[in-house]
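Here the structure is laid out as structure tokens; the discussion comes afterwards.
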Amino acid sequence: MPQNGQDHLLTPGEVAAMFRVDPKTVTRWATAGRIGSIRTPGGHRRFRESEVRTMLAELTNDADVTNGIGPAH
């Protein structure tokens, strides 16, 4: 995390790599409100790393429970 307290911002491609999906899927998630995004002055989307990691952890935990790997909530 940057020293000034701001969260590191990720590109749609970086987020897509973390979730193993196409970058267009990440853009659709943002449009649908599933994940928050910030627009750059040039109109490109950026995603807060902390929010992305939280979402990834939640999805991973849900998948583990569904597959009988982890404890139920």
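Against the conditions (1) modelled with pLDDT under 95; (2) over 15 Å from the mean Cα position of the chain (by Cα), L59 satisfies every one except (2).
A search for C-beta distances below 8 Å between a residue of segment 44-56 that is closer than 17 Å to R28 by Cβ and any residue that is modelled with pLDDT under 95 and among the acidic types (D, E), counting only pairs 6+ apart in sequence or on different chains, returns E51/D7. The one condition from (1) surrounded by fewer than 16 Cβ atoms within 10 Å (Cβ to Cβ); (2) modelled with pLDDT of 95 or more; (3) of a type outside the set (S, T, Y); (4) not in a helix (DSSP H, G or I) that K24 does not meet is (4).
Applying the criterion of being among the charged types (D, E, K, R) and within 9 Å of the chain's Cα centre (by Cα) to the residues of segment 35-56, the residue that is surrounded by the fewest Cβ atoms within 10 Å (Cβ to Cβ) is R53.
In segment 7-21, the residue that is surrounded by the most Cβ atoms within 10 Å (Cβ to Cβ) out of those that are in contact with a Lys or Arg (Cβ under 9 Å, 6 or more places away or on another chain) and outside any helix (DSSP H, G or I) is L10.
Does A72 qualify as being modelled with pLDDT under 95, among the aliphatic types (A, V, I, L, M) and assigned to a loop (DSSP other than H, G, I, E, B)? Yes; evaluated as a whole, the condition is true for this residue.
Evaluating I38 against the criteria (1) without any contact (Cβ under 8 Å) to a residue 12 or more places away in the chain; (2) aliphatic (A, V, I, L, M); (3) touching a Lys or Arg at 6+ places or on another chain (Cβ under 6 Å) leaves one unmet condition, (1).
The values are calculated or read from the model by the stated rules, or taken from the named source; none is laboratory data. Note that the coordinates shown come from a computational prediction; the quantities given were computed from them, not determined experimentally. Here Cβ is always computed from backbone atoms with ideal geometry, including for glycine, and neighbour counts include all displayed protein chains.
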